[in-house]
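The values are calculated or read from the model by the stated rules, or taken from the named source; none is laboratory data. Given the structure is predicted, the values throughout are model-derived calculations rather than measurements. Because the Cβ atoms are built from the backbone with ideal geometry, glycine has one as well, and the counts that use them run over all protein chains shown. We work out accessible area using only protein heavy atoms, side chains counted, and drop any ligands, DNA or RNA first. Shrake-Rupley method; radii C 1.70, N 1.55, O 1.52, S 1.80 Å.
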Number of protein chains: 2
Amino acid sequence: METRCENCIVRKFNSLRAMNKEELKQVSDAKISKKFKKGEALFEEGEKLNGVYCVRDGVSKLSKLSANGKDQIVKLATTGEVMGQRAVIVEEPTNLSAVAVNDVEVCFVPKEIIVDSMHKNPDFTLEVLRHMAHDLKEADDVIVNMSQKTVKQRVAEALLYLKNNYGVDEEGYLSLTLSREDIANVVGTATESCIRIISEFKKKGYIKTSGKRIIIANEKELQDLVNGF
Amino acid sequence: METRCENCIVRKFNSLRAMNKEELKQVSDAKISKKFKKGEALFEEGEKLNGVYCVRDGVSKLSKLSANGKDQIVKLATTGEVMGQRAVIVEEPTNLSAVAVNDVEVCFVPKEIIVDSMHKNPDFTLEVLRHMAHDLKEADDVIVNMSQKTVKQRVAEALLYLKNNYGVDEEGYLSLTLSREDIANVVGTATESCIRIISEFKKKGYIKTSGKRIIIANEKELQDLVNGF
DNA sequence: AACAAAACCTGACAAATATCATGTTTTCTT
DNA sequence: AAGAAAACATGATATTTGTCAGGTTTTGTT
């Protein structure tokens, strides 16, 4: 599928929207469409990125390996988001790995075009800057959550996050299904602890489950828990 | 003391170095020098910032209040760093409070000048972007540390950080003296836990203390601890 | 449909950390 | 230099969380 970036709705949600016509044409001509199956890696921590990845469809987990061999998921990147921007800007190997959580389709945009636009088009640079400022704020929030909230609160928060950001299907199940291990890696805890807490939520009627799929049955109770009541 | 920004060495270390002469003159004319005593707040979380704070001297702690009433220190801002940039860029109230750790001297630069330069001077915007990209990476690292390292490892790391970033005085004491409570708030733990661990380090000979002041006596042991040996 | 692999689950226990209570030392202020 | 306030310290205990070990269920593949 060779579509033109100029017509891509995805662009509306990321910094590429601040590009002008010529720039978009350049991107369009140079971009390479890539598909990744669930579980495949888009790129690995420490790799040099030759461009950025604009997500057309699907969700990827951005994670970092810790000294003890566990992955910490730092962010979930969804349709409209751009991955790898940070590394391209500072011209360093990326500090994060990206792995497809479900089937993912991205457009790879060579870094030269991005860098070139950043030098020439202040609006574009500013837009990138705004997105990064937003990510930084979110990262600050995560730091505070990690250090000040209990694992139980963080699991509850993660479930609400999944509902609020990815919605539910016709039956009420969270549209984005993560494995218990992935949830544990988002929350920063042991997989068993995560499973135990999810079981507890189920027992208390806050959620219902079917296999790995989850229905949020009592949003208020979960929210109260997050808030410390 | 009314010095000119054009001559300020501090500027060399932050994004203002990408400003051209006219821009610097504007900053110089509009800036207001402010001094804060140890413990005073420069600004509070949720406040609207009308400009940025360029640190001439001293150290401030940037922190965020958590639901349970504890402060989490997200970053220490030192000579040469600019505080409040993020909030000015996204035009939101700041998500962090800034409190002087020791006596602090800053130049307050009205946001109009910053915003104006960002629209006109791509080099400046790009420089700001680079700094923010760097901060974001550091934040990612903190997230991983918080979730994957033990409190003991994080305390050890914090002590080494203080040594590496602020150095030691003639007697070998860490130049930047933080209270045990502040260290606990950097590390994200209870003050008592922090004190206990510091006592343990002292008992084991990794550090020496005199009041709140600390000498790192065995850097290698501390580093090994951080690395999980 | 059968099988293997992966994911999920649970119990028992150990380790890490928080909390509460109380006393001591240091630092600051006058 | 004295007194008050803040910071530091430590014990006892409770809670949270991780680890190991062994199961069961679900999922994917042929």
Legend entry - Rg/Rh (Cα only; Kirkwood hydrodynamic radius) as it applies to chain B: 1.00
Legend entry - Exposure ranking of B:Phe201, A:Phe229 by accessible area [1.4 Å probe, largest first]: A:Phe229, B:Phe201
Inset, instruction - Order the following by accessible area, largest value first: A:Arg130, B:Arg196. Probe radius 1.4 Å; ligands, DNA and RNA are ignored. - result: B:Arg196, A:Arg130
Legend entry - Value of relative contact order over chain B, rounded to a whole percent, pairs C-alpha under 8 Å and six or more apart: 19 percent
Inset, instruction - Please find, in a Gaussian network model of chain B (springs between Cα atoms separated by less than 10 Å), the residue of B:Ala100, B:Ala139, B:Ala184 whose mean-square fluctuation is greatest. - result: B:Ala139
Legend entry - Table column - 3J(HN,Hα) (Hz), the stretch B:75-81, Karplus curve with 6.51, -1.76, 1.60, x for Gly and Pro: 6, 9, 9, 10, 2, x, 8
Inset, instruction - Report A:Asp29's accessible area, 1.4 Å probe, all protein chains in place, as a number in Å² to the nearest 10. - result: 90 Å²
Inset, instruction - Quote the FRET efficiency, to the nearest 0.05, computed for B:Glu171 versus A:Asn50 with a Förster distance R0 of 35 Å and r equal to the Cβ-Cβ distance. - result: 0.10
Inset, instruction - Scale the Cα Rg of the stretch A:1-81 by the rule-of-thumb value 2.2 N^0.38 Å and send over the ratio, two decimals. - result: 1.26
Legend entry - HN-Hα J in Hz across the stretch B:82-99 - Karplus 6.51, -1.76, 1.60, θ = phi - 60°, x for Gly and Pro: 10, 9, x, 4, 4, 5, 5, 5, 8, 6, 10, x, 5, 8, 10, 9, 10, 10
Legend entry - Accessible surface, the protein assembly as shown, averaged per residue in Å² (probe 1.4 Å): 46 Å²
Inset, instruction - Would you grab the residues whose amide H sits under 5 Å from the one on B:Val101? Only those 5+ places off in sequence or on another chain, please, with H modelled 1.01 Å from N. - result: B:Gly39, B:Val59, B:Ser60, B:Lys61
Inset, instruction - Please give the calculated 222 nm ellipticity per residue for chain B, where each DSSP H segment of at least 4 residues contributes -39500 (n - 2.57) and the sum is spread over every residue; nearest 500 deg cm²/dmol? - result: -13500 deg cm²/dmol
Inset, instruction - Would you mind getting me the FRET efficiency between B:Ala67 and B:Arg17? Use the beta-carbon distance for r and R0 = 41 Å, nearest 0.05. - result: 0.55
Inset, instruction - Could you work out how far the C-alpha centroid of the stretch B:84-102 sits from that of the stretch A:179-204, in angstrom? - result: 34 Å
Legend entry - Most mobile of B:Ala133, B:Ala158, B:Ala217 in a GNM of chain B (Cα contacts under 10 Å): B:Ala133
Legend entry - Model label zone, B:Thr150; criterion: amide N under 15 Å from point 7 Å along Cα-to-beta-carbon; scope the stretch A:35-73: A:67-68
Legend entry - Rounded if a/c under 1.5, otherwise prolate or oblate - the stretch B:99-176, Cα gyration tensor axes: oblate
Legend entry - Solvent exposure ordering (accessible area, 1.4 Å, most first) of A:Tyr206, A:Tyr161: A:Tyr161, A:Tyr206
Inset, instruction - Name the long-range amide H neighbours of B:Phe43: under 5 Å, sequence gap of 5 or more, or other chain; modelled H, no Pro or chain starts. - result: B:Ala98
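Report, as an integer, the average count of C-beta atoms from other chains found within 10 Å of each Cβ along B:58-70.
The mean count of partner-chain Cβ atoms within 10 Å per residue comes to 3.
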Inset, instruction - Taking amide H positions as placed in the peptide plane 1.01 Å from N, state which residues far from B:Val74 in sequence (5 or more) or on other chains have amide H under 5 Å from it. - result: B:Leu62, B:Ser63, B:Lys64
Inset, instruction - Work out how much length B:Ser199 to B:Lys25 would gain on full extension: take 0.36 nm times their residue separation and subtract the Cα-Cα distance, in nm to one decimal. - result: 57.5 nm
Inset, instruction - Quick one, could you list the DSSP H helices from chain A stretching 24 Å or more along their long axis (Cα atoms) with average Kyte-Doolittle hydropathy of -1.0 or above? - result: A:122-148
Legend entry - GNM result for chain A, Cα springs below 10 Å: residue of A:Ser147, A:Ser63, A:Ser179 fluctuating most strongly: A:Ser147
Legend entry - Area accessible to solvent at B:Glu181, 1.4 Å probe radius, in Å²: 100 Å²
Legend entry - Karplus-derived 3J(HN,Hα), 6.51/-1.76/1.60, for each residue of the stretch A:48-53, Hz, glycine and proline x: 8, 9, 9, x, 10, 10
Inset, instruction - Take the Cα atoms of the protein assembly as shown, build their convex hull, and give its volume per residue in Å³. - result: 155 Å³
Legend entry - Along each principal axis, Cα extent of the stretch B:65-143, largest first, Å: 43, 29, 24
